[in-house]
Every structure is written in C-alpha cells, then in structure tokens.
Amino acid sequence: MTRRTHTIRRARRSAAIGLVAAAAMALTACGSGAKTTSSSTAAAGASGSGGFTNGIVTLRGGEPQNPLIPTNTNEVFGARIETNLFAGLVYYDADGETQMDAAESITPNADYTVFTVKLRSGMTFDNGDPVDADSFINAWNFGAYEGNAQLCADFFQPIQGYKEENAPFEADSNYKPKDGDVVTLSGLKKVDDLDFTITMAQATPDWPVHLGYNAYDPLPKSAFVKNTTTPITDAAGNPLMTVDPAYGENPVGNGPYKLKGQGAWQHNVKIDLVPSKTYDGPRKPHNGGLTYEFITELETVYSDLLAGNLDVTDEIPESAFTTFESDLGSRAVNLAGTNFQSFTIPSRLPHFSGQEGQLRRQALSYAIDRATICKTIFNGTRTPAKDFSSPLMAGYSANIPGNEVLSYNPTKAKQLWAQADAISKWSGTFEIAYNGDSSHGQWVEAVLNSINQVLGIKTAPKVYPTFQAMRTDVTDRKIQTAFRTGWQADYPSIYDYLAPLYGTGGGSNDGDYSNTDFDNLLTEGLKQKTADESAVYYNQAQEILMKELPAIPLWVQNIVGGSSTKVSNVKWGWDTVPIAYLIEKPE
Amino acid sequence: MGWYIGRRLLQMIPVFLGATLLVYAMVFLLPGDPIVAMFGERQVNAAVANQLRAQYHLDKPFIIQYLLYLKGVVTGNFGMSYSGRPVSQIVAQAYPVTVKLAVMALCIEAIFGVVLGVIAGLRRGGWFDSTALVLSMLLIAVPTFVMGFVLQTLLGIKLQWLPVTVGGEVSVKSLLMPAFVLAGVSMAYVLRLTRNSVAEVSTADYVRTATAKGLSRHTVVTKHILRNSLIPVVTFLGADLGNLMGGAIVTEGIFNVPGVGNALYQAILKSEGSTVVSLVTILVLVFIIANLVVDLLYAALDPRIRLV
C-alpha cells in the first residue's frame, strides 16, 4: 500500500532536523535566494549555540485540528506543538541526523527484523508518571488498533501484529469490535521496565529513522481510561483502554516543554508552553518558553512579524515574495526545502526506451532552463534540483557525478537529441500532463517552452481537471504522456526519496523503472550505521539515475520565512519548521 | 405592545427551524468529504474513517443528521466539532468577542456618521458637505481588506500607535482598528443617509413654521429636524448590527480576531455542519431581535406609528 502521494502533503512531521550549514551555502543558487546564504542559519551559528536565554519566543502556529494526542495528530500545526511536549525514542538533530532522545539505544538483530530498545533511566512525565517500556507499548498499541480510530494508525503498519489485529477491519470496515478480539501488537514485548523489543513484519533496516514522528511518542499511564463507547475485553480479560478526551485538551508529556498550566491551549488564539523541569534529555530549551500564535491569514502573520509581535514565521504571503528579503534583510529565510518536483516519462512511451530513450531524456533535461524558471515564475522561491532528493537530507551532495545533466546546456541538448534521432526519427508532440486544480500550469508551460526553443520540437501541456483524475490514469498506466511528479519524504532520509519512486516494484514507481545495481546500492546503504555513511551508497545509486533519468528533476520548493530582531539561533528542520527549542531570545 | 412583542418573539421559532434546515443543507451539499480531508493527503484508513463517520452521524441520511442535530439542540447539546470540542464552547468563546467588535463598530459608525451627516446636511453645498461626500465615496469604493492592510501598516507597523493584531488580547484598544475598518463602509452610508434626511427635513413646512415661531436655531435642529430625520438612520443602524457581526469574516481574518467570523471560516473549511449551523443560527436570531428593537424605537421616535 502506498502511504504517500504526489503533492505537498499537509500531514507533516514537526520534528527538528536542522539544516546542514554547508548545504545551506550550496543550495541557494536559485535567483534571489542566493542573497540569503548568510541568513539566520549562518548568523545564528556565529552567535554560538548553547546560549541559554529567558525570553519567550512567539512562533507562527495554527489551531490544531485534533486534540493533542500524538497518535491522532497528522497535521502540521498540532505536530509542531507535540514535538515540544513529547520526547519520542529519537529526534532529528540540527544536522539532519537521527539522535537518541528517550531511548538510550536501539539495537537491531542481524537481519533487521527485531529492534531492542533501551530507555534512559529515571525519566518521568511532567505529572511524575515514569517514562518506561509500558508508556511506549501502551501508546503504540492504542494508536495501532483501528478500533480506536486514530488518524495515525497506519504508521504502525511496519510492526508485526498490525495486520493480524486489524484483519477484521480489513475484511469489513464497519466491523464492530467484540470481546476476545486482539487489540495489541504482537510485535511489542516488554523485557523489563526500561527495555522492550519491537518485532517488525519484515526486515526494516532504517526503522529507527522513522521513529522521530509524533505518532511514536509515549503516553503516561494517567492518560488512559476504560473505553466506554467500545467496552470490550481482550482474550485475557483486560478491558480495552482509550485516551481520555480531556487528556488531549491538557496533554502531559515527557518533552522539553510542558503546557503553561491548565487551559494553556486557548482555542483559535494561542498555546503557551514553558520549559519542563523533568526533561533532562538532549533537547534542552534555549529559551524561556514558546507561544504559538494561531493566525489564519498569511498577510496577518507577516504584519505581526514586521511589528515585532511574532518572532519566527515559516511562511510568507505570496504578496510579499518580492519585498520580504528587503524588508527583513538578513532575517529573511529563503532556503531549499524538502518538496521535490520532477516530471516522469514512462519508458513504455514511443521513443523513450533503451539507448534512444536515455539520449532523449538527457537532451530534455539539458534543454530546461531551471534557474530562470525558478526566478521568473516562482520569484526565487524554488531552488533548482541538483539531485533526486532534498538539500535538507543528511548526506546530501550537490556534486553527484553526472548531475551536470540538470544544468541548462542548449548545445548539449541539441547534440543528444540529434544522436537519438539517428537511432529513430522523432515525430509528434512532447506533452507533460498536470492537474489543473492546483497552480502548475505556469511552470509546465515554461518548461515546455524551454524545450521547444532549444530542441525545436512541438510541445503541449495536457491538463487533467483534478489531481485524482491524473493519478488514476498514472496508477492504471493508461497515461500516454510525460506527467508531473512531486515527492516529500516521510522521514529524513535520502532513501525515502529513492526507493519508493525508482526502486524495483516501489509503491510509487510510476515509470516502472528497474535497475538491479540501483536496488543493490540502496539495500547496502540501508545497512550503514550513520546517515552520512548510508548517503555514500545512496549518492552512488543516484549516479545511475543521473544517466538513466527515470524522472527529470526540476527543483525543490523553498522554506520561505523570517524571524524578528529579538531572536537568534533560528535553525530550520527537515520538515521546514523552525527548531523551537534552539531559538534564543534575551528577556 | 406586549402582545406585539410576544408575537414577534413567537415568529422566531419557524425562522429558527427554517434557518437551521437551510444552513444544514448547504453545509451538507458542500463538495468533498470532511472525514477524508482529515487524513490530509495520506491514504485514508477505511476502518478509522467509518468510525469517525459514525461518531459524527455522517453515515446517516441528511434528514436524520438534521433531526439528530435538532434533538441535541433541544437537550442543550450542540454537538461536537471534528476536533473534539463541544460546539457550545466554540460559540461561547467566539460570540463575546464579535459582539464587542460589532458594538464598537456600531458606535463608531453611529457617532461619526450621524454627527458628520448632520453637519453636512445643515450646511449643504458648503465645503464641508463636498469634502464629506468625497470621503464617503472613498470609504464605499475602497474594499475592506485594502483599508485593513493600509491602516495595519500605517498605524500598527509604521507609527506603532495601535496593536497590529488582536489575537489573545481582546481589549478596546486592540479592537479599535478592526472596529474602525469594519465600520468604514456603513459609516459612509450612515453619513449619506443622515445628510440627505436632514437636508430634506430642513426644508419641510413644519421646520419653517418652527423657525417662524421664533424658536432658537438650537431648538429647531434638535427637536424638529433631528428627531424626524433620524428614523431611516435608526432602521439602517439596527439592520446593520447583524451585518457587522456576520460580515466580519474579512476583518477578523486581517486582524486575527478570534470571533465568529474566524470560527465560521474554519468550520466551513472543515465542513463542520453543527458548528456552522449553530454559529449562523445565532446570527439569524440576532438579526431578528435587532429588527424588533428597531421597530420599537420607531414608535418611540414617531408617536404616529402604532405597534399592533
């Protein structure tokens, strides 16, 4: 089952993966973005991390769509609050690496099917409940059982027992649970208070990297009450437990921050967080508290930032795209994000298979003037792609051998196209399909224009009324043209940008690309200890993609935001949200 | 008079039923599935989705959904929002803010509109009248959001006289700018209306008689001109209170006011039937009561009008 779709997703993780400073320097080549190279990231680095301040930082937020229960939070505004309230097993650090948070270690067995988790000792929730194996096991069991109707249930699919316990729902989605049903994941086993094992449904070498998502946060014992709407007991006679709805209103976590008292969540207005006294993990707050202001209108967000009411925003209204860099100066942020855009040419199309296809793909890629399109169509809020992932991923390289194919070179393009013509003469129109319910028309036209001018072939856009309609034709393999594709990873790893899209049989491999060498390099990469070591293999795998171009990379969407003069050390996570606990603000 | 008020209040029952049914139907007809939307662009988990549908009665036919909502209302339960908050809480939080904003706006438009209108009406054709005409045309012509952003930039960001946004600090000071923006267009109408009404009444026979009797200018203006010329203005102001409350969506967005407009906008985006209906129904009731008060004021201003 594919969990991912091909456009910007709202369901995003709000963990904190920082921007590698080096990557920041390399990636700002796109238009006006280039001026921000030494923006807050670099400036903040100079002011030195480790500075602890007392000011309360106000950040742009929005009313969470659901009560603050981690397994039921699948949208950005709730997630960015929970990342501060809870500490999961791991977190994503400022360099894009996965680091231990509540876990002391997560050790895989030889074939990556069982992971042994050891928790740090002495941790408690803010109400004094211990953070132990049970707080994770209970929370995960609660989230995974579909009878509990949690929006993040699917995140537990990789764990053994998910399929079995939810089989009745699979058979009949209106199934009513009854006594004796299995309501827990058989893959979760408590060893003792601080140790538990996770058995996977199948080998998952990079499982720990997934675990920074809020769905995997622990819950205190006090959060659970007997489920009265579905009052069933399992085979052992234990009643089905659920999370008290009142808990989601005033959640008690184990993270670096806690709510500033009962009712700190003022609906539709703001939420106030203060540093937690019980948290002794690696994410020590650098400030005296956080206030997320819930503002709907982006224009209003921007006015608040200019007036100094807001310290950090991760979005700038389109109306300010041309002025915000002069308004904010070095406090403006315009850096490549994680939303990768491309177009895919299935090799089953005439003229696009074998040697001829490879030449034509390269010619098309050389014929696209990405830099100019980023600058003119997008006002510099896109960064031309240098690889198949995002510059925010740990181990990202802008210098993958062969990536000159992603630069504009009309001469080379004409040459390659002529070579392809020598194999079989081109005829017809080159089309790119897109969905008209979103603003893709402009850039598709621009890309096609660029191709038309360089190669002199006929080009035309093909419009589908809705995203749904286009995806149906794509998944049924009925589409007879090239089509736009986009991707945002579920967790910060280059692997997630490659395997599902270009791996043999990948869930979103819309072009049916298959290359054994590529697959092998990915598998090898998964087995490495650190993200950087893995990336060596992933980038080798990308060298193959640069030649064969199963999709033609275009650009990545930028993080467009800014901060006020009162704050420093503003770093941006892989989820394009500022890492709140690192922000420094003198009182 | 008592019978009249009682009858008017009784009329509210069919209006309430009609309004709720209509609004509920409109929300029901909104395109898109709110439960599917809750999954963002992730794959929808069918079992989870079905349980949520059952929880919010979305699995039932329209008329049953509506009757269940009505049953809830009668028993004091306005339902739950998709985020698990009781709708009554959302209403209780949003209304006081919007009422404050609307009353402030009403005062601004009444005071400025009437005073300037009277002056313009009494000195018609003069420079004041012409300036007031141009200004009111400007207010009517410039869209609310333009005025909102201009004032926000000027008074809030550049001069820093007033808070840029309201947010959690709902006070007279923070609401001043949004109230002014909200009042803008209506203020221009009140000004025009008062000016024309005063101008018309000023030439009436009884005003000439009053002046001929040797009454002072002051008495003529306050007792004879004003009292008679304000009847259409009062009607307008009364009807406008409802407009101000319901029409604050744009203004509340610009100034981030946590009021009805904001709550309504959010609820419509999520196709939350019970929240939208509850918020709108109260607006309808406010409209009806405001109209009743206007009718009562009529009688007070003009004894010739009998309420039967």
Quiz item: Just the C-alpha atoms of region A:304-441: what Rg/Rh do they give, with Rh taken as the Kirkwood radius?
Solution: 1.07
Quiz item: Which of A:S186, A:A144, A:V117 sits closest to the plus end of the dipole of region A:65-189, meaning its Cα is farthest towards the positive end, when Lys and Arg get +1 and Asp and Glu get -1 on the C-beta?
Solution: A:S186
Quiz prompt | Alpha-carbon Rg/Rh ratio, for chain B, with Rh computed the Kirkwood way | solution = 1.07
Practice problem: Divide by every residue of chain A the summed helix terms, -39500 (n - 2.57) for each DSSP H run of at least 4, and state the resulting mean residue ellipticity at 222 nm, rounded to the nearest 500 deg cm²/dmol. | Solution: -8000 deg cm²/dmol
Quiz item: List for region B:41-66: residues with 30 Å² or greater reduction in accessible area, all protein chains versus chain alone, probe 1.4 Å?
Solution: B:E41, B:R42, B:Q43, B:N45, B:A47, B:V48, B:N50, B:Q51
Quiz prompt | For A:149-162, mean number of other protein chain Cβ atoms within 10 Å | solution = 3
Quiz item: Roughly how crowded by other chains is peptide A:299-312, in terms of the mean Cβ count from those chains within 10 Å of each of its Cβ atoms?
Solution: 5
Quiz item: Which whole-number value in Å² is the accessible area per residue of region B:219-308, probe 1.4 Å?
Solution: 38
Practice problem: State the volume of the convex hull built on the alpha-carbon positions of region A:47-170, expressed per residue in Å³ and rounded to an integer. | Solution: 170
Quiz item: Kirkwood hydrodynamic radius for region A:452-511: how many Å is it when counted over pairs of different Cα atoms?
Solution: 13.6
Quiz prompt | Tilt relative to chain A, helix A:354-366 - C-alpha long axis, 0 to 90 degrees, to 10 | solution = 80
Quiz item: Helix A:76-85 sits at what angle to the longest principal axis of chain A, using alpha carbons and giving 0 to 90 degrees rounded to 10?
Solution: 40
Exercise. For chain A, find the longest principal axis of its Cα atoms and tell me its angle to the long axis of helix A:410-423, 0 to 90°, nearest 10.
Key: 70
Quiz item: Of all the accessible heavy-atom surface of the protein assembly as shown, with the other protein chains kept in place and a 1.4 Å probe, what percent is carbon and sulfur?
Solution: 59
Self-check item: Isotropic mean projected area of the C-alpha convex hull, region B:5-144 (nm²)
Solution: 14.0
Exercise. Report the accessible surface area buried between chains B and A, summing both sides, using a 1.4 Å probe on protein heavy atoms only, in Å² rounded to the nearest 100.
Key: 3300
Practice problem: May I ask you to evaluate 6.51 cos²θ - 1.76 cosθ + 1.60, the Karplus curve with θ = phi - 60°, for each residue of region A:161-168 and list the ³J(HN,Hα) values in order in whole Hz, giving x for glycine and proline? | Solution: x, 4, 5, 5, 5, 9, 4, x
Quiz item: Toward the positive end of the charge dipole of region B:158-308, about the Cα centre and with charges on Cβ (Lys, Arg +1; Asp, Glu -1), which of B:L193, B:A204, B:L283 goes farthest?
Solution: B:A204
Self-check item: Long-range HN-HN contacts of A:I559 with modeled amide H, under 5 Å
Solution: A:L335, A:A336, A:G337
Quiz item: Hey, what's the Kirkwood Rh for region A:93-234 if you take every pair of different alpha carbons, in angstrom?
Solution: 16.0
Quiz item: Quick one: which of A:K412/A:K462; B:K100/B:K270; A:K178/A:K226; A:K118/A:K189; A:K118/A:K571 span more than 21 angstrom between C-alpha atoms?
Solution: A:K412/A:K462; B:K100/B:K270; A:K118/A:K571
Quiz item: Compactness ratio of region B:1-47: Cα Rg over 2.2 N^0.38 Å, N = residue count?
Solution: 2.09
Exercise. If a/c stays under 1.5 just call it rounded; otherwise compare a/b with b/c (prolate if a/b is bigger, oblate if not). Do that for region B:167-308, with a ≥ b ≥ c from the square roots of the Cα gyration tensor eigenvalues.
Key: prolate
Self-check item: Solvent-free Debye scattering, log10 I(q)/I(0), computed from the Cα coordinates of region B:9-87 at q = 0.17, 0.18, 0.25 Å⁻¹
Solution: -0.77, -0.85, -1.37
Quiz item: Just which residues of region B:73-114 lose 50 Å² or more accessible area with every protein chain there, against their chain alone, with the probe set to 1.4 Å?
Solution: B:S83, B:R85
Exercise. Taking 10 Å² as the minimum loss, tell me which residues in region B:148-175 lose that much accessible area going from the chain by itself to the full protein complex (1.4 Å probe).
Key: B:F149, B:Q152, B:I157, B:Q160, B:V164, B:T165, B:G167, B:G168, B:E169
Practice problem: Over chain A, average the accessible area per residue using a 1.4 Å probe and give it in Å², no decimals. | Solution: 36
Quiz item: Where does each of A:52-59, A:535-542 land if you order them by average Cβ count within 10 Å, highest first?
Solution: A:535-542, A:52-59
Practice problem: Would you mind working out the accessible area per residue for region B:82-165, using a 1.4 Å probe, and quoting it in Å²? | Solution: 50
Quiz prompt | Square roots of five times the Cα gyration tensor eigenvalues for chain A, Å | solution = 41, 30, 21
Exercise. Considering the options A:L545, A:V570, A:W487, tell which one lies farthest towards the positive end of the dipole of region A:469-572, charges being +1 on Lys and Arg and -1 on Asp and Glu at the Cβ, about the Cα centre.
Key: A:V570
Quiz item: Using the Cα gyration tensor of region A:298-342, with a ≥ b ≥ c the square roots of its eigenvalues, what is the shape: rounded (a/c below 1.5), prolate (a/b larger than b/c) or oblate (neither)?
Solution: prolate
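The values are calculated or read from the model by the stated rules, or taken from the named source; none is laboratory data. Because the structure is predicted, anything quoted here is derived from the model rather than measured. As a convention, Cβ positions derive from the backbone with ideal geometry for all residues, glycine included, and neighbour counts pool all protein chains shown. Remember, those area values only see protein heavy atoms, side chains included, never the ligands or the DNA or RNA. Shrake-Rupley method; radii C 1.70, N 1.55, O 1.52, S 1.80 Å.
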